[in-house]
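Chemist: Below are the structure tokens for one structure; questions will follow.
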Amino acid sequence: MRSDNVLILGIESSCDETAAAVVKDGREVLSNVINTQIALHKKFGGVVPEVASRRHIETIDAVIDGALEEANVTFDDIDAIAVTYGPGLVGALLVGVSTAKALAFALNKPLVPVHHIKGHIMANFVAHKDLEPPFVCLVASGGHSHIVSVEDYTHLEIMGRTRDDAAGEAFDKIARVLGLGYPGGPLIDKLAKEGNPKAVDFPRVRMDKNSLDFSFSGVKTAVINYLHKLEQNGEEYNKADIAASFQDAVTDVLCEHTIEAAEQKNSKIIALAGGVASNSALREKMTKLAGEKGIKVVYPEPILCTDNAVMIACAGYYGYLEKNFADMTLNAIPSLSL
Ligand code: KG4
Ligand code: ZN
């Protein structure tokens, strides 16, 4: 199988972004088109699955055409079609999977199934051309928080995961109770810059000392209870201080567990991935604390941290090299495990 000059068309529709991208040899981005539905879901304070599916259907053809056009290629030039088939919202995933299957069948091209979380990790290969496995990766998004040992381009070992809420989910919830809007992560990140991270000492939860697993429901509840108490007593509070203190607690735990994982694996590189990887406090703190232990921290630019199809095309390239092809029975799997 040819391994150079391979063009992969990536398709992503697992949540509220309809995205398509063309990537060459897994690392060179020829196009990256994202139609975000954030404005559509904002008024509901979160993603409404049925509304998301309908919007994916309306936009996916134009998004794919846009990705080919931006890359200055045609369907004939594409070597394989990679698509996210899980995890995610079932109706949303089905739009991408059905479209990818139709294209693969009509064009007689291989179809490469991609795990969404694997895609997030792979964004680091696009962002850092000389990055090679093995390394440890923290994947923190709206639906997932995992510490993963990236053994090679296709094999991953899970070292820790959240036992309840994902980190991004906690950010979104706290932003909502602070009345900041949706999605919460970037808004908390921004507001926290004006606050004191040591204003309130919110809990840093460790499930047990031998486990790298996370739990974010405790800190979320602690913030909500703290605010309720103040409100009941009619006391004023500084939202920026709350945002900064909450963010400090979450990022402390993310850093501590991930650095411990890297030390266990004797890894000198930590990569960050997923929407929460664009958090400025997390990037700074991880870089500083890991740096003190001689561990380098890498992460993609924010547009490759949140959902995109470049990461799917990149993962698709390595699946293509391994001939990991799906047939026309490929289905969306909403709770696909890693
Ligand atoms: O990876 P992603 O786009 O979608 C999922 O796969 O879930 O991640 C979205 C999540 C949301 O919860 C959002 O609030 C969070 O990532 N996020 C952030 C930041 N930017 C996005 N969280 C903290 N700080 C940010 N700057
Ligand atoms: Zn994602």
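The values are calculated or read from the model by the stated rules, or taken from the named source; none is laboratory data. Just so it is clear, the structure is predicted and the values come from calculations on it, not from any experiment. Here the Cβ positions follow ideal geometry from the backbone for every residue, glycine too, while neighbour counts run over all protein chains shown. With ligands, DNA and RNA removed, areas are computed over all heavy atoms of the protein, side chains included. Shrake-Rupley method; radii C 1.70, N 1.55, O 1.52, S 1.80 Å.
Chemist: Given VAL139, VAL177, which one is under 18 Å from LEU254 (Cα atoms) and either open to solvent by 10 Å² or more (accessible area, probe 1.4 Å) or in contact with a helix residue (DSSP H, G or I) (Cβ under 8 Å, 6 or more places away or on another chain) (or both)? Talk me through it step by step, then tell me what you get.
Modeler: Values: VAL177 fails: under 18 Å from LEU254 (Cα atoms).
From the options VAL139, VAL177, the qualifying one is VAL139.
Chemist: Restricting attention to segment 243-299, which residues are within 16 Å of ligand 2 (Cβ to nearest atom), under 20 Å from ASP213 (Cα atoms) and of a type in the set (Gly, Ala, Ser)?
Modeler: Selection gives ALA271, ALA273, GLY274, GLY275, ALA277.
Chemist: Just wondering, is there one or more residues in segment 162-173 that are in the same structural domain as ALA261 (by TED's automatic domain parsing) and within 19 Å of PRO300 (Cα to Cα)? Spell out the reasoning first.
Modeler: Residues of segment 162-173 that are in the same structural domain as ALA261 (by TED's automatic domain parsing), as a first pass: 162-173.
After this cut, where a residue has to be within 19 Å of PRO300 (Cα to Cα) as well, the list is 167-168.
Within segment 162-173, one or more residues are in the same structural domain as ALA261 (by TED's automatic domain parsing) and within 19 Å of PRO300 (Cα to Cα).
Chemist: How many of the residues in segment 19-43 are touching a residue at least 12 places away in the same chain (Cβ under 8 Å) and farther than 27 Å from ALA71 by Cβ?
Modeler: 2
Chemist: What's the total number of residues in segment 212-229 that are assigned to a loop (DSSP other than H, G, I, E, B) and surrounded by fewer than 16 Cβ atoms within 10 Å (Cβ to Cβ)? Talk me through it step by step, then tell me what you get.
Modeler: Going through segment 212-229, the residues assigned to a loop (DSSP other than H, G, I, E, B) turn out to be 212-213, 215-216.
Now narrow it down to the ones that are surrounded by fewer than 16 Cβ atoms within 10 Å (Cβ to Cβ): none.
The number of residues fulfilling the criteria is 0.
Chemist: On to the next question. Restricting the search to segment 25-47, which residues are in contact with a helix residue (DSSP H, G or I) (Cβ under 7 Å, 6 or more places away or on another chain) and more than 16 Å from GLY184 (Cα to Cα)?
Modeler: Selection gives ASP25, GLY26, ARG27, VAL29, LEU30, SER31, ASN32, VAL33, ASN35.
Chemist: Can you name the residue in segment 2-15 that is open to solvent by 10 Å² or more (accessible area, probe 1.4 Å) and either acidic (Asp, Glu) or modelled with pLDDT under 95 (or both) and, of all such residues, is nearest to ligand 1 (Cβ to nearest atom)? Spell out the reasoning first.
Modeler: To start, the set of residues in segment 2-15 that are open to solvent by 10 Å² or more (accessible area, probe 1.4 Å) comprises 2-5, 7, 15.
Pick out the ones that are also either acidic (Asp, Glu) or modelled with pLDDT under 95 (or both) and you get 2-5, 15.
Details: ARG2: 31, SER3: 29, ASP4: 30, ASN5: 30, CYS15: 6 Å.
Going through the qualifying residues, I end up with CYS15.
Chemist: Still on this structure: Take the residues in segment 241-252 that are open to solvent by less than 10 Å² (accessible area, probe 1.4 Å) and not aromatic (Phe, Trp, Tyr); name whichever of them is farthest from the chain's Cα centre (by Cα).
Modeler: Restricting to residues being open to solvent by less than 10 Å² (accessible area, probe 1.4 Å) and not aromatic (Phe, Trp, Tyr), the top hit is ILE242.
Chemist: A further question follows. Give the residues of segment 291-314 that are small (Gly, Ala, Ser) and open to solvent by 10 Å² or more (accessible area, probe 1.4 Å), sorted by residue number. Don't jump to the end; show me each part of the working.
Modeler: First, pick out the residues of segment 291-314 that are small (Gly, Ala, Ser): 291, 294, 309, 313.
Of everything in segment 291-314, those that are small (Gly, Ala, Ser) and open to solvent by 10 Å² or more (accessible area, probe 1.4 Å) turn out to be GLY291, GLY294.
Chemist: Could you count how many residues in segment 90-132 are part of a helix (DSSP H, G or I) and closer than 30 Å to VAL298 by Cβ? Can you show your working first?
Modeler: In the first step, residues of segment 90-132 are kept if they are part of a helix (DSSP H, G or I); the result is 90-107, 116-127.
Checking which are closer than 30 Å to VAL298 by Cβ leaves us with 92-93, 96, 100, 116-127.
The qualifying residues number 16.
Chemist: Enumerate the helices (runs of 4 or more DSSP H) found wholly within segment 230-338, keeping only those where 2 or more residues are under 26 Å from ASP25 (Cβ atoms) and touching an Asp or Glu at 6+ places or on another chain (Cβ under 8 Å). Explain how you work it out, then say what you get.
Modeler: Numbers: elements: 239-264, 280-291, 302-305, 310-321.
Correct list: 310-321.
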